[in-house]
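Here, each number is a calculation from the coordinates, and none is a lab measurement. A quick note: this is a predicted structure, and the numbers were derived from the prediction, not measured. Methodologically, a virtual Cβ is constructed for each residue, glycine included, from the backbone with ideal geometry; neighbour enumeration extends over all protein chains shown.
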Amino acid sequence: MHSFQPFKLTDIDLNPFVKFNKEWALVSAGGKSKYNTMTVSWGGLGVFWNKQVAMIFIRESRYTKELLDSGDLFSIAFLDEEYRDALKLCGEKSGRDVDKFAEAGLTPAFRHNIPYPDEANLVLLCNKLIAVPFTEDLLPKKAMEKFYQNHDMHTMYLAEIIESAAR
Ligand SMILES: Cc1cc2nc3c(=O)[nH]c(=O)nc-3n(C[C@H](O)[C@H](O)[C@H](O)COP(=O)(O)O)c2cc1C
């Protein structure tokens, strides 16, 4: 990304289904002293409380969740196809065990002390509005059986997009 060029999300065409589910994204949290990134393919973009918002769904077991829960700010970044292997690595290994930025060949960059990969072609800087843990009593039984056999539940993070930058 090299220089962070803010732009208005209303100025670009963007298909969130393609962005999340086909391209995948990196969710990065923490700050300069301690940060981590993980791959997500479930998420969304929309409008809430008249704000432009993003949502992500993070399972309890993820190290990134600890960092998301200990601060308000995080980033969602999209990368070109040439970084698919980096995204696979960040979706398999845990930041508890390795420095994923280094292992994946990604360069940590920071804006407002929010980490993001400098290689990204689109970065959304997010400020948490609400974190909603999904609990068994709220979920349809079928979903529970299909997605939560091991009870590794998702928390939904709904966040205002406070700044976006694109290359
Ligand atoms: C393509 C892909 C999509 C993923 N999407 C999600 C997701 O939306 N939510 C989630 O909790 N985990 C998701 N994961 C799994 C995490 O990225 C993975 O568990 C990761 O190692 C967690 O890293 P961490 O422990 O450093 O936070 C995905 C993995 C891949 C490969």
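Just a few scattered comments:
- Translational diffusion coefficient of segment 2-71 (Stokes-Einstein, Kirkwood radius from Cα pairs, 4 °C, 1.567 mPa s): 93 µm²/s.
- Tally of Lys pairs whose C-alpha atoms are under 16 Å apart, taken over the chain, 8 or more apart or cross-chain: 11
- Lys/Arg +1, Asp/Glu -1 at C-beta; the chain dipole; positive extreme among A104, A29, A166: A29
- Computed over the chain, the per-residue total of -39500 (n - 2.57) for DSSP H runs of n ≥ 4 gives a 222 nm mean residue ellipticity of -3500 deg cm²/dmol, rounded to 500.
- Segment 128-150 and segment 1-71: distance between their alpha carbon centers, rounded to Å: 20
- Estimated translational diffusion coefficient (Stokes-Einstein, Kirkwood radius over Cα pairs, 20 °C, 1.002 mPa s) of segment 47-98: 161 µm² per second.
- Between W42 and M144, the simple label model (points 7 Å from Cα in the Cβ direction) yields a spacing of 1.6 nm.
- Using a simple spin-label model with pseudo-atoms 7 Å out from Cα toward Cβ, S70 and L129 lie 2.7 nm apart.
- P(r) of segment 6-166 over all Cα-Cα pairs, binned every 10 Å from zero, in whole percent: 11, 41, 36, 11, 0
- Highest-fluctuation residue, N50, N121, N36 considered, GNM on the chain with Cα pairs under 10 Å: N50
- Segment 86-167: Rg to Rh, with Rh as the Kirkwood radius over Cα pairs: 1.06
- Here segment 82-167 is assigned +1 on the Cβ of each Lys and Arg and -1 on the Cβ of each Asp and Glu. Its dipole about the Cα centre then comes out at about 180 debye.
- Rounded to 0.05, the FRET efficiency of the A102 and D80 pair, given R0 = 22 Å and the Cβ-Cβ distance, is 0.65.
- Of the residues A120, A54, L139, the one whose Cα sits farthest toward the positive end of the charge dipole of segment 6-166, with +1 on the Cβ of Lys and Arg and -1 on the Cβ of Asp and Glu, is L139.
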